[in-house]
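Undergrad: Structure below; questions to follow.
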Amino acid sequence: MSTTELVIPAPREIVTEPRRSDKVFRGVVTGGGLSSLAILGLIAIFLGYRGFEVLRQEGIGFITHSDWSISTDDAGNVLDSHFGLAAMLVGTILCSLIAVVIAVPISVFSALFLNFYAPGWLKKILITIIDMMAAFPSILFGIWGFLVLMPSVEYWAKLLHRYLGFIPIFDMQVPVYTRSPFVAGVVLSIMIIPIITSVSREIFSQAPLDRIQAAYALGATRWAMIKAVVIPHGRSGVIGGAMLGLGRAMGETVAVFTVLNIVFQVNWQMLLGAGGNVASLIILKFGDASPYEIKALMAAGLILFLLTLVVNAIANLIVKTTGKSGR
Amino acid sequence: MIPTPTKPWAASTKDRAVDGSIFALSLLSSYLLVFLTPLKGKLAYFVCFFLAYAIFTTAFKGVQRGNAAAKDALVNSLVAIGAIVTVIPAASILLTVLQKGLPGISFNLFKTDMSLATPTDPLTNGGLLHAITGTLTLMLLALIMSVPIGILTALYLTEIKGRFTGPIRFLVQAMSGVPSIVAGLFILSAILYPITKAYSGFMGALSLTILMIPTIARTSEEVLNLIPNELREAGTALGGTQWRTVAMIVLPAARSGLVTAVILGVARIAGETAPILLLTGGGDKVNPNAFNGPMGSLPYYIWKSFNAGSPEAITRAWAGLLVLVGLVLFLFTTARFLGARKVSK
């Protein structure tokens, strides 16, 4: 009688630790994911490092003064330099505020139209067109704005000046309408309308359906429904979208450079053809800048970077708290 | 008796007649307004017509049904105006580009570069071959660098969901708002000045990569989120490691959506001008080597021609814009077409 030896295989140890291939995979993916952190950090570090000398020399004057001059001797040594961004910062903020003020009502109306008024086929076409506009290169807006739009906008500016000139911001001493912050603001508004529209549309489409139907059931007109349900639900989302647009408008370079006259003097009169813009300043001065002036431009870039970063961060927080963000 | 179906909500003949007469009335008054006031131009007709239409419908509804209906009618016309105003610039831009760009398009344009011509020469001299090859090279290089990083970021956000998910999603969004000129300055300060000290196509491609990563990452994340979790569970149940599941199941399932994401990223950077102006040097000759020597590109060509200012140069700029817009629209349409079916079988 032979006993067959019963071999019981040892039970496999159950572990929660991932295998080596998975560890590698997780490491690689995490590394890729952290690259955005690395890039943003490096941008701040390098621009800060290059611009440090100028920032230290100018101190707070870098954002409160508005002269931009540098004189060198024949050997290229810097004799005297003044760098101040005040006029450029004021100009950047003025242009982007004009853009947002024009763009927000139009975008909100068209988002409402897309969500609650347009029939299905029209909605599809309009969304395609709006998305397409968001993909247009900025140089296209710039050249189109300069050659096609600017004559009309100058005419509107004249009307504004004639009939609303008593309001300080529409007032001006010298009638120069060409390449004013107002023109730049209009071009920028056209560029940011698609963004604000698609964010608002996204937020409006998440308005609770039961409340919409409840409003209709109580006999509300469409506007009464929108006022009672959609606007309270979407208000902060629209503000977030507007700030996203503001951030985009602040960083826009080529389109603004084409339609704006850069002057190193703080100017709040939006119809006067003298404005400022940090991004355009960089393009304007880069071509023939000495190494020391380049450092000042890097510092200007750092300021612009931080400004747009803060605006975008606030915008994203607002959009996120009201729902899934749009594009 | 069989009741005949009726549609009491449908517009009656009387309603249609009223609508039609309001339309005609506002058309008439827009002509009168433009005739009587100093307003001028096509746009003035347009504005007057819509204002008149809004006022007439509001007044009519107010008389017919009362205050609430009047407000509703007013908002009705306002939102329609909003949508039209949104679309007008797009139409105007496309029409202008076609109208002004077509005279500058010739076969010669795609055959020669600008090495023996200046922007102010007659249109028969020189072309934009160098610009097209340059733009394609820049796009290809940016693609090679940004696709892995973008998709890895999206995978981290959807598959690993680790400790950093929240911060990374936030940072990617912040990164999509980085102005293009800042990306250019960054490459300038971090690589061009300290290391290579020379303009080249590769520098331009690096800055474009920074601008492209967030678009790819965010669109890919949306696509990967659409992949049903059952697929991942099935992969794990078959004994696959996470790596095998992602590589063999999740990514192939999301393939066409990922392609859409990549194309949208390319469309985003195709016309990017500011960093190109800072970094590539903008040569006038076909330059196949992105690592050595200045490289031309469509935005640079357009910029240079536009700034030259003579009528020939402006026509050149419009022709370049037409080619660039054609390229962007082609990419955009392809992305739309593929995006219509986000998850392939």
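Just so you know, all these numbers are worked out from the coordinates, no wet-lab data involved. Keep in mind that this is a model prediction, so the values were computed, not measured. Cβ atoms come from the backbone with ideal geometry, glycine included; neighbour counts cover every protein chain shown.
Undergrad: Please compute the modelled spin-label separation between A:Glu13 and A:Thr321, points set 7 Å along Cα→Cβ, answer in nm with one decimal.
TA: In this crude spin-label approximation the distance works out to 4.9 nm.
Undergrad: Further question: Can you give the Rg and Dmax of region A:117-159 based on its C-alpha atoms, in angstrom?
TA: 14.8, 40
Undergrad: Using label points projected 7 Å from each Cα along Cα→Cβ, tell me how many nm separate B:Lys14 and A:Ile129, to one decimal.
TA: 3.5
Undergrad: Return the Rg/Rh ratio of region B:27-155 with Cα-based radii and a Kirkwood Rh.
TA: My calculation puts Rg/Rh at 1.28.
Undergrad: Find out how many positive minus negative residues lie around B:Leu238, taking Lys and Arg as positive, Asp and Glu as negative, among other residues whose Cβ is under 12 Å from that of B:Leu238.
TA: +1
Undergrad: Region B:1-51 to region B:57-72: how many Å between their Cα centroids?
TA: Result: 15 Å between the Cα centres.
Undergrad: Find the Cα radius of gyration of region B:1-76, compare it with 2.2 N^0.38 Å by division, and give the number to two decimals. Don't skip to the answer; put the middle values down first.
TA: Details: Rg = 16.6 Å, N = 76, 2.2 N^0.38 = 11.4 Å.
Cα Rg divided by the expected 2.2 N^0.38 Å: 1.45.
Undergrad: Let me ask another. 222 nm [θ] for chain B, helices only, -39500 (n - 2.57) per DSSP H run of 4+, per residue, to 500?
TA: -22500 deg cm²/dmol
Undergrad: Relative contact order, percent, of chain B when contacts are C-alpha pairs under 8 Å separated by at least 6 residues? It would help to have the intermediate numbers written out before the result.
TA: Numbers: 458 pairs, mean separation 72.3, N = 345.
Computed value for chain B: 21 percent relative contact order.
Undergrad: For the residues B:Arg232, A:Arg56, what sequence is obtained by ranking on other C-beta atoms within 10 Å, fewest first?
TA: A:Arg56, B:Arg232
Undergrad: So for region B:219-266, considering every pair of alpha-carbon atoms, how many percent are separated by more than 14 Å?
TA: 48
Undergrad: Give the relative contact order (percent, whole number) for region A:230-326; include only Cα pairs under 8 Å separated by 6+ residues. Could you put the intermediate results ahead of the total?
TA: On the way: 83 pairs, mean separation 42.3, N = 97.
Once normalised by length, the contact order is 44 percent.
Undergrad: Continuing with this model, one more query. Per the Kirkwood formula on distinct C-alpha pairs, the Rh of chain B is how many angstrom?
TA: Details: mean 1/r = 0.0406 Å⁻¹.
Here the Kirkwood hydrodynamic radius works out to 24.6 Å.
Undergrad: I would also like to ask the following. Where in chain A are the helices, taken as whole DSSP H runs, whose Cα atoms extend 27 angstrom or more along the long axis and whose Kyte-Doolittle mean reaches at least 1.6?
TA: A:86-112, A:181-204
Undergrad: State which stretch of chain A is the longest one without any exposed GluC sites (Glu not before Pro), exposure meaning a DSSP loop state and at most 13 other Cβ atoms within 10 Å.
TA: Answer - A:14-327.
Undergrad: Set the Förster radius R0 to 56 Å, insert the Cβ-Cβ distance between B:Lys285 and B:Asn229 as r into 1/(1 + (r/R0)^6), and round the FRET efficiency to 0.05.
TA: Once rounded, the FRET efficiency stands at 0.55.
Undergrad: Which whole-Hz couplings ³J(HN,Hα) result when phi for each residue of region B:316-333 is put into the Karplus expression 6.51 cos²θ - 1.76 cosθ + 1.60, θ = phi - 60°, listed in order with x for Gly and Pro?
TA: My calculation for region B:316-333 gives 4, 4, 5, 4, x, 4, 4, 4, 5, 5, x, 4, 4, 5, 4, 4, 5, 5 Hz in order.
Undergrad: Per 20 Å bin from zero, what fraction in whole % of the C-alpha pairs of chain A is there, up to the bin with the longest pair?
TA: Pair shares across the bins are 25, 45, 21, 6, 3, 1.
Undergrad: Test of understanding: express the Cα radius of gyration of region A:121-280 as a ratio to 2.2 N^0.38 Å, with N the residue count.
TA: 1.28
Undergrad: Using only alpha carbon pairs under 8 Å that are at least six residues apart, calculate the relative contact order of chain A and give it in whole percent. Could the numbers behind the result be given before it?
TA: On the way: 449 pairs, mean separation 86.5, N = 327.
Value for chain A: 26 percent.
Undergrad: Let me ask you something else. Kirkwood hydrodynamic radius, region A:1-126, all distinct C-alpha pairs: what's the number in Å?
TA: It is 23.1 Å.
Undergrad: Sort region B:187-331 into rounded, prolate or oblate with this rule: let a ≥ b ≥ c be the square roots of the eigenvalues of the Cα gyration tensor; rounded if a/c is under 1.5, and if a/c is not under 1.5, prolate when a/b is larger than b/c, oblate otherwise.
TA: prolate
Undergrad: Ranked by Cβ crowding within 10 angstrom, fewest neighbours first, how are B:Ser305, A:Ser66 ordered? Intermediate results must be reported in sequence, preceding the final value.
TA: Details: B:Ser305 28, A:Ser66 22.
Lowest count first: A:Ser66, B:Ser305.
Undergrad: Sort out the exposed loop chymotrypsin sites (Phe, Trp or Tyr not before Pro) in chain B (DSSP loop, at most 14 other Cβ within 10 Å) and tell me the longest stretch that has none.
TA: In short, B:10-290.
Undergrad: Could you give me the ³J(HN,Hα) list for region B:229-235, computed from phi with Karplus coefficients 6.51, -1.76, 1.60 and θ = phi - 60°, whole Hz, x at Gly and Pro?
TA: Rounded to whole hertz, the list is 4, 4, 4, 5, 5, 4, x.
Undergrad: Largest first, please: the extent of the C-alpha atoms of region A:92-191 along each principal axis, to the nearest Å.
TA: Ordered largest first, region A:92-191 gives principal extents of 51, 29, 23 Å.
Undergrad: Using +1 at the C-beta of Lys and Arg and -1 at the C-beta of Asp and Glu, which of B:Tyr53, A:Cys95, B:Tyr156 has the Cα lying farthest in the positive direction of the dipole of the protein assembly as shown?
TA: Positive-most Cα among the choices belongs to B:Tyr53.
Undergrad: ³J(HN,Hα) across region B:269-286 via Karplus (A = 6.51, B = -1.76, C = 1.60, θ = phi - 60°), whole Hz, x for Gly/Pro?
TA: 9, 4, x, 5, 10, 4, x, 4, 5, 7, 10, 8, x, x, x, 9, 10, 4
Undergrad: Can you give me the angle between helix B:201-226 and the longest principal axis of chain B, using Cα atoms only, in degrees from 0 to 90, rounded to the nearest 10?
TA: 60
Undergrad: Which value does Rg/Rh take for region A:231-327 over its C-alpha atoms, Rh per Kirkwood?
TA: Rg/Rh for region A:231-327 comes to 1.09.
Undergrad: With N residues in the protein assembly as shown, what two-decimal value do you get for its Cα radius of gyration over 2.2 N^0.38 Å?
TA: 1.09
Undergrad: Here is a follow-up. Quick one: if the Förster radius is 22 Å, what FRET efficiency do B:Ala198 and B:Asp121 give, using the C-beta to C-beta distance and rounding to 0.05?
TA: Calculated value: 0.20.
Undergrad: If you don't mind, there's one more thing I want to ask. How high is the FRET efficiency between A:Ile231 and B:Leu329 when r is their beta carbon distance and R₀ equals 35 Å, given to the nearest 0.05?
TA: The pair A:Ile231/B:Leu329 has a calculated efficiency of 0.50.
Undergrad: Going by C-beta contacts inside 10 Å, put A:Asp67, B:Asp284 in order with the fewest on the left. Write down the numbers at each step before the final one.
TA: On the way: A:Asp67 13, B:Asp284 20.
Fewest-to-most Cβ neighbours within 10 Å comes out as A:Asp67, B:Asp284.
Undergrad: Hand me the trypsin sites (Lys or Arg not before Pro) from region B:101-184 located in a DSSP loop with no more than 13 other Cβ atoms within 10 Å, in residue order please.
TA: B:Lys111, B:Lys161, B:Arg163
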